[in-house]
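One structure is given below, encoded as structure tokens.
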Amino acid sequence: MLLFENKEQKLLNLLNFTGSPFKKFVSTGEIEEDIGLVQSREEFLHSIISILDKNENVILPIIGDVGTGKTHLYWALKHELYYYNIVFISLENVVKKFYYNIYSEFIENMGIDILRNISRRLCNNWGALERKFGFFHVAEINKVKKVACEEWAPKFENEESIMDIINAITAHQLDPYKKIEVERWFLGEVIDIRDLSRLNLKNDLRKRDNAYTMLKVLVENAMVNSVLFIDDFEKIVSMMKPIPIEEQKEEVFDKSWLYGSSESPQKRSANKILDKIVKLNNINGLRIIITLKSFDFYEEIIRKFEDIDSNLLKLIKKPIILSNFDDDDVFTFYKKNLEFFFGHLNYFDYFRDFSQSYFPLNKEVLKNIFIQTKGNPREIIKFLIKIFNDIIFSNEELEEILKKYQ
Amino acid sequence: MNTSDDFVLFDSLKSIRINGEFTGSIVSKYKNKVIFSDNIKISDSEGIMISEGLITGFEKVGMELNPISRKVDLKWDLNDTLLEYCVIIPEDTMEQYDQGQFSNELPYTINLLHTATLLLNNHESKLNHLDFFKGEILKNPIAMIRNGIIIADRVVIDDNGDPVFYDCLIVGRDENEDINISYEPITNVDDKMLEYIIILGIEELKI
């Protein structure tokens, strides 16, 4: 019979076996974060949701210092706004093929079924699913295309792209022999010229205008609201700034031969991206969240938008500041992480035996972490990683380790 | 489940008649023919009227029975007992039927251009093309069985030579002679049970 059990030692032994509960101190758009926000950020989250719910087209800047959890916020929003399509992009990854990459992210997020529904619904609206004699669908593709063209021509700028998209949608619904290939086209696959010609299409979605128009069709007809979360938006500003002479590298190829001496290739590229982002505002119902590292960047971005079109300023909302943790947040954050970690390991004794305790750390250590890091979440995680590594790998007693950090 | 009050507009056997103008997906059984229409008008003064309906069945030309599908305007007196029933298919059932047609596209479906007989089990003449089409998918079959009508999106002839109907609307009478409507994704029918199967020609639907 078990008369006595050292629960604390058991927990330490378990940690030796499983490793540290704190491993990752940088959040990314690819790896899902399951832990929600701390108490002080709940209100912050709801203010964002309220802005998104009230505005159909909006650019919402979120300003937060390095490591304050801007990217983590994306995951919190995604979990909270499960009834939205929220797509994350980092500007670093989408500089080239901007619309194509955003479209691909949307498709990955929404799935092909939504696209099939959109295609079906659009064709239905264009009269393709009309029932002759009350029962029979006798679709006349040309008639359907004509209705589609009349309906869409005033809404879209690029005639060639819109024709490609109408041809693709009608073929997808009404021509079973082409359905599979059109679906490949919808998914953004590279289609060779022979297949394109068989489908009566001029280009695949690698062509910028096609990708943009398809993105517009997708977002405007998806039946759910869409949010584009653009992380590290200040990259545009930094790309536009001239590189100081001391940081310039000596290069054999002088880029000014190709791009002229008035602006650097980076600046050109940044301007192009900015123009493309501005064009995204023509997509009805697409809300954009941008994250910035400081207020200076925000002011500079505002100036850039103003230069392009002063009407854009109406769309840009007052920035929301993401501040560091409050002192209470450290405790909540720590407990949430440990509960998630042990819950995942099915070690439910933790919830019973340590519900009121901060073991293996204590209140003093957590307070000290908060003071040392000034409440910066990333620094707090780094600190916790260090302490837990000490607890797991060092031969010292727990009390001695904790003393070092108190 | 729908009660017969919801969809039976006229039933000569049960003396049901609902006056009014109806639009939707309407099936009427007239002698041994089936009429599809998107409208029907029933009134005491004018009787029963269908404009621009599609009548399908068999017509005797000389000694031969020929399949027909023809656009017609029809009018009956209320005393005309040859019109057996008129039913309007509920919209939710039609939606199921529509989804069955488009969710499961089969690219190698045979569309006949003109209406043709696939099977005829009549005391006057017999015709059986089931073996010829074994393994093929034929679009727009209409089948008359002893107690009802099958309107399907496609039919496939299985290894036993029996037709398998996909995405079917079935209209028929139950043991109490009440009219029922049901939707079935797949229906197997023994060919001996069938009076006829007609494949509607796509060109004739376009007229």
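Bear in mind these aren't lab numbers, they're just calculated from the coordinates by the rules spelled out. As the structure is a computational prediction, the values presented were derived from the model and not from experiment. Note: ideal-geometry Cβ built from the backbone for every residue, glycine included; neighbour counts use all protein chains shown.
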Averaged over residues of B:37-43, the number of beta carbons from other chains lying within 10 Å of each residue's Cβ is 2
Computed about the Cα centre, the charge dipole of chain A from +1 Lys/Arg and -1 Asp/Glu charges at the Cβ has a magnitude in debye, to the nearest 20, of 1200
Extension length gain for B:Asn32 and B:Asn147 (0.36 nm per residue less Cα distance), in nm, is 40.3 nm
Site A:Leu345, offset 7 angstrom along Cα→Cβ, radius 15 Å on amide nitrogen, limited to the range A:5-49, gives A:7-23
Each label sits 7 Å from Cα toward the beta-carbon; between B:Arg70 and A:Asp327 the label points are separated, in nm, by 9.5
Mean other chain Cβ within 10 Å across A:136-145 is 3
Over all viewing directions the Cα convex hull of the protein assembly as shown casts an average projected area in nm² of 44.5
When all Cα-Cα pair distances of the range A:1-149 are considered, the percent exceeding 18 Å is 75
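Using the count of nearby Cβ atoms within 10 Å as a rough guide to exposure, how do B:Phe132, A:Phe354, B:Phe7, A:Phe295 rank from fewest to most? Show your work: numbers first, answer last.
Values: B:Phe132 9, A:Phe354 18, B:Phe7 21, A:Phe295 12.
Fewest-to-most ranking of B:Phe132, A:Phe354, B:Phe7, A:Phe295: B:Phe132, A:Phe295, A:Phe354, B:Phe7.
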Mean shadow area (nm²) of the C-alpha convex hull around the range A:99-248 is 11.9
A convex hull over the alpha carbons of chain B yields, per residue, a volume in Å³ of 130
Rounded to one decimal in nm, the spacing of the 7 Å Cα→Cβ label points at A:Asn101 and A:Lys318 is 3.4
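Using the count of nearby Cβ atoms within 10 Å as a rough guide to exposure, how do B:Ser45, B:Ser25, A:Ser90, B:Ser37 rank from fewest to most? Could you put the intermediate results ahead of the total?
Details: B:Ser45 6, B:Ser25 22, A:Ser90 18, B:Ser37 28.
So the residues, fewest neighbours to most, are B:Ser45, A:Ser90, B:Ser25, B:Ser37.
Provide A:Cys149, B:Cys168 in ascending order of the number of other Cβ atoms located within 10 Å of each residue's Cβ, fewest first.
A:Cys149, B:Cys168
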Expected max-MSF residue from A:Glu234, A:Glu183, A:Glu30 in the GNM of chain A (alpha carbon, under 10 Å) is A:Glu30
1/(1 + (r/R0)^6) with r = Cβ-Cβ of A:Ser355 and A:Lys54, R0 = 41 Å, i.e. FRET efficiency to nearest 0.05, evaluates to 0.55
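As a quick test, which of the pairs A:Lys97/A:Lys235; A:Lys24/A:Lys363; A:Lys267/A:Lys374; A:Lys143/A:Lys178 have an alpha carbon distance above 26 angstrom in this structure? Walk me through the numbers on the way to the answer.
Working: A:Lys97/A:Lys235 17 Å; A:Lys24/A:Lys363 23 Å; A:Lys267/A:Lys374 36 Å; A:Lys143/A:Lys178 18 Å.
Over 26 Å apart, Cα to Cα: A:Lys267/A:Lys374.
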Relative to chain B, whose Cα atoms define the longest principal axis, helix B:91-102 and its Cα axis are tilted in degrees, nearest 10, by 20
Convex hull around the C-alpha positions of the range B:60-129: the volume in Å³ per residue is 188
Surpassing 26 Å at the alpha-carbon level, of the pairs B:Lys31/B:Lys126; A:Lys179/A:Lys216; B:Lys75/B:Lys192; A:Lys78/A:Lys317, are B:Lys75/B:Lys192
Distance in Å, no decimals, from the C-alpha centre of the range A:346-406 to the one of the range B:130-207 is 72
Projecting the Cα atoms of B:Gly135, B:Asn122, B:Leu74 onto the charge dipole of the range B:1-159, where Lys and Arg contribute +1 and Asp and Glu -1 at Cβ, the residue farthest towards the positive end is B:Asn122
In Å, the C-alpha Rg and Dmax of the range A:300-406 are 20.5, 64
For peptide A:124-135, the mean count of other chain Cβ atoms within 10 Å per residue Cβ is 6
Once both label points are put 7 Å beyond Cα along the C-beta direction, the B:Asn128-A:Cys149 separation in nm becomes 5.2
Among the range A:286-309, those whose backbone N falls under 20 Å of a label point 7 Å along Cα→Cβ from A:Lys374 are A:292-298
Which of B:Asn39, B:Asn160, B:Asn128 fluctuates most in a GNM of chain B (C-alpha springs under 10 Å)? That residue is B:Asn160
Candidates A:Phe106, A:Phe88, A:Phe17; GNM for chain A (alpha-carbon contacts under 10 Å) flags as most fluctuating A:Phe17
